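Contents: one structure, followed by commentary.
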Amino acid sequence: MNGLLTEDRIKDPDALYQALVDAHDGLSAAESLQLNARLILLLANHIGDAGIVAAAAASARASVLDDRARGGDSTA
Amino acid sequence: MPKAYQHPTFAFTPPPELTGAAGKRRPVLVVGAGPVGLTLALDLARHGVPVIVLDDDATTSHGSRLICMSKRTLEIFDRLGAGAPFRAKGVVWNTGRLFFREAEVYAFDLLPEPGHGWPAFMNLQQYYLEDFLIQAAAALPNLEIRWNNAVTDVALTATGATLGIETPAGAYRLTADYVVACDGARSTVRRALDLPFVGRMFEDRFLITDIAMDADFPSERWFWFEPPFHDGQSALLHKQPDGVWRIDLQLDGDADPEAAVRPEAVRPRIERMLGKDAVFEIEWISLYTFRCRRLEQFRHGRIFFAGDSAHQVSPFGARGGNGGVQDADNLAWKLAAVLGGAAPEALLDSYDAERIPAADENILNSTRSTDFMTPKSAAIRAFRDAALALARDHGFARRMVNSGRLSVPAVLDGSPLNTPDRDAFAGGLPPGHAAVDAPVLAADGQDDWLLRSLGQDFVLLLYDARSDIGPLQGVRQVSVIPAGGAPAPGCIVDRDGLLQARYAMTPGAGYLFRPDQHVAARALWPDAAWAAAARDRALGKDAIG
Ligand SMILES: Cc1cc2nc3c(=O)[nH]c(=O)nc-3n(C[C@H](O)[C@H](O)[C@H](O)COP(=O)(O)OP(=O)(O)OC[C@H]3O[C@@H](n4cnc5c(N)ncnc54)[C@H](O)[C@@H]3O)c2cc1C
């Protein structure tokens, strides 16, 4: 509906996941926070569509709020 | 040290109403002689409407506040006959530099385009702005400014409004067909009508100072995020005339406001910024928290709100004063047309239709800038810092860095006064746009500017047309001779061909401008019936239904 593709699209999910993890190797918590923020901005520019980015942000937020509603804690 | 501005004291004259003369009903009363009230009063008076401005003070703005004036503001002042002192005094600037911590991240250029009468921006203290408009007002016999006249209460009726006014010589009342509240952010008129604001408040405090010093910094806008010399989030340095520099220092929300504004607290902060050896005098210290909000409506029957009384923004982007001046520009000709019988009262509803979207655009941009400077959490701050860090190498990130999106003229594209295009123009300015300047030759062959030729009337500008379209009531027709042609009576010559290019003109094409120099309509082959209909629409005659 909103253009955000959420079906399975990644050929090698393990490799992709590892690329994300490797990027944080040896970084402090503060550096990792920066890495994630820069990563998101770079990916957002690659996507180049504010609507898709907003849809992804809304989807992520809904998932976090869902945890909250279940009494869980996303930061645990 | 350069010579500082001397605030004048304007004489209080006991109003005739207090010395026995019967209080005459007035067409328009303006509350407040700030930038917006003065602009409005000048515009009304030049349209032949007698106007009284009431101001609770007897001098110009105490601190400077406003410093960046946009091209559109300068064009409006020029149309009002007040341009010359601004040109003589203002500091023109084109470059902005952005620093993150120690390093310059990038510089932007306002890309001055040749062939405009006024620069993109000029810096000038608010007290000069007011001073120059007051001088222009003094030349108009139908414009009276009553100093030390504080409006204290308001009674609104179906056909007008009555103001209660306090003066050193006593209190009196004045009744008018229309009242315009230009009495600033703490508007008494707004409070008297008990009108709420909608919008946001920011907690962070900004220490704003003007200092005088002999320094050879260039006239550029320097903006720092997390400067090494200041423990707050941001800082700004910007030049004004008379060797005065504006310094903004962002403080944390929990900074003690009273301690922060003491000169002995401010001076070391500035020394850390400029170096221990800097020789300067502090002219003005003030502490602000910013709001981005507006009234739900700017028209309440016979009372209108313009400028900060109607809407407030943070100063990043210079949208407060520049937006307010455009309110005045929008309202003056409409009031004049209604009072003069040329337009129905319904025209006045278009003030809300046109200026509320403009205010919302200013609020949106100022809110985003302020949000960028005042991250509300560690994660949000990480995004801000990420954009700044990536900006060194990536153009896309540079475009995200937001230290203010500078004021641009409002495009009134949803206005009911516009006549939608029926013809396809290859570019140019669609209805709703403010006129764009171009160099022209006047009928006598002298260099002139398009905007000066348009003046304050409805104008039908015809390009390379064989003849005008026949008499059209209330519309002046101006023929444009293409570049290279010889000047002729009643015509202007498109000196460099820029008018043709900026308006996508083709032979025979025409633009109808309103008195505020916004495009009302355009056509490839305008005829009398089309032009009369477009004029009527721009006068609000179609507004019903
Ligand atoms: C730090 C700072 C920097 C800024 N920088 C810029 C900038 O660079 N560019 C820009 O465009 N804008 C800027 N602004 C915003 C700008 O200063 C305001 O938007 C502008 O002053 C609004 O003009 P105004 O005429 O509506 O109100 P004001 O300037 O507030 O004038 C209101 C007038 O009404 C009078 N008055 C008030 N109450 C009464 C009463 N009851 N009876 C009679 N008279 C009354 C006051 O004495 C005053 O003369 C800045 C603001 C701040 C705080």
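Only one entry of B:353, B:391, B:359 meets the criterion of being touching a Lys or Arg at 6+ places or on another chain (Cβ under 6 Å) and more than 19 Å from residue B:39 (Cβ to Cβ), and that entry is B:391. Inside the range B:64-83, residues that are near the ligand (Cβ under 8 Å from one of its atoms) and more than 13 Å from the chain's Cα centre (by Cα) make up a count of 2. Screening the range B:400-416 for residues that are more than 21 Å from the chain's Cα centre (by Cα) and more than 17 Å from residue B:221 (Cβ to Cβ) and picking the one that is nearest to the other protein chains (Cβ to nearest Cβ) gives B:400.
In this structure, does residue B:226 turn out to be in contact (Cβ under 8 Å) with a residue 24 or more places away in the chain and either among the basic types (Lys, Arg) or within 16 Å of the ligand (Cβ to nearest atom) (or both)? Judged against the criteria, residue B:226 is not a match.
Taken residue by residue, the range B:443-455 has no member that is in contact with a strand residue (DSSP E or B) (Cβ under 7 Å, 6 or more places away or on another chain) and not assigned by TED's automatic domain parsing to the domain that holds residue B:522. Does at least one position in the range B:362-378 carry a residue that is away from chain A (no Cβ under 14 Å), touching a helix residue (DSSP H, G or I) at 6+ places or on another chain (Cβ under 7 Å) and open to solvent by less than 40 Å² (accessible area, probe 1.4 Å)? Scanning the range B:362-378 turns up at least one residue that is away from chain A (no Cβ under 14 Å), touching a helix residue (DSSP H, G or I) at 6+ places or on another chain (Cβ under 7 Å) and open to solvent by less than 40 Å² (accessible area, probe 1.4 Å).
Applying a threshold of 6 Å to beta carbon distances and a minimum spacing of six or more residues, or different chains, the list of pairs starting in the range B:145-169 at a residue that is more than 14 Å from residue B:187 (Cα to Cα) and ending at one that is of a type in the set (Gly, Ala, Ser) reads B:145/B:33; B:147/B:58; B:148/B:58; B:156/B:301; B:160/B:176; B:162/B:155; B:166/B:150. Report yes if residue B:271 is without any contact (Cβ under 8 Å) to a residue 60 or more places away in the chain and either more than 10 Å from the ligand (Cβ to nearest atom) or more than 14 Å from every other protein chain (Cβ to nearest Cβ) (or both), otherwise no. Yes, satisfied.
Scan the range B:194-213 for residues that are in contact with a Phe, Trp or Tyr (Cβ under 9 Å, 6 or more places away or on another chain) and outside any strand (DSSP E or B) and the total you get is 2.
The residues of the range A:9-31 that are under 29 Å from residue B:380 (Cβ atoms) and among the aliphatic types (A, V, I, L, M), listed by number, are A:10, A:16, A:19, A:20, A:21, A:23, A:27, A:29, A:30. For the range B:168-223, the tally of residues that are open to solvent by less than 40 Å² (accessible area, probe 1.4 Å) and on the phi > 0 side of the Ramachandran plot stands at 2. For residues that are part of a helix (DSSP H, G or I) and not small (Gly, Ala, Ser), scanning just the range B:502-545, find the one that is farthest from residue B:76 (Cα to Cα). So, considering only residues that are part of a helix (DSSP H, G or I) and not small (Gly, Ala, Ser), the one farthest from residue B:76 (Cα to Cα) is B:530.
Evaluating residue B:335 against the criteria (1) more than 14 Å from chain A (Cβ to nearest Cβ); (2) surrounded by fewer than 17 Cβ atoms within 10 Å (Cβ to Cβ) leaves one unmet condition, (2). For residue B:474, are the conditions met, namely being of a type outside the set (Asp, Glu) and either on the phi > 0 side of the Ramachandran plot or in contact with a Phe, Trp or Tyr (Cβ under 6 Å, 6 or more places away or on another chain) (or both)? Taking the combined requirement at face value, the residue satisfies it. Of the residues in the range B:386-403, how many are surrounded by 19 or more Cβ atoms within 10 Å (Cβ to Cβ), in contact with a strand residue (DSSP E or B) (Cβ under 9 Å, 6 or more places away or on another chain) and not small (Gly, Ala, Ser)? Selection size over the range B:386-403: 2.
Could you go through the range B:256-263 and let me know if any residue there is in a helix (DSSP H, G or I), closer than 30 Å to residue B:110 by Cβ, modelled with pLDDT under 95 and outside the structural domain of residue B:74 (by TED's automatic domain parsing). There is no residue in the range B:256-263 that is in a helix (DSSP H, G or I), closer than 30 Å to residue B:110 by Cβ, modelled with pLDDT under 95 and outside the structural domain of residue B:74 (by TED's automatic domain parsing).
The values are calculated or read from the model by the stated rules, or taken from the named source; none is laboratory data. Just so it is clear, the model here is predicted, and its values are computed rather than measured. Cβ coordinates were reconstructed from backbone atoms using ideal geometry, including for glycine residues, and neighbour counts include every protein chain displayed. Quick note on the areas: whole protein, heavy atoms, side chains included, nothing else; ligands and nucleic acids left out. Shrake-Rupley method; radii C 1.70, N 1.55, O 1.52, S 1.80 Å.
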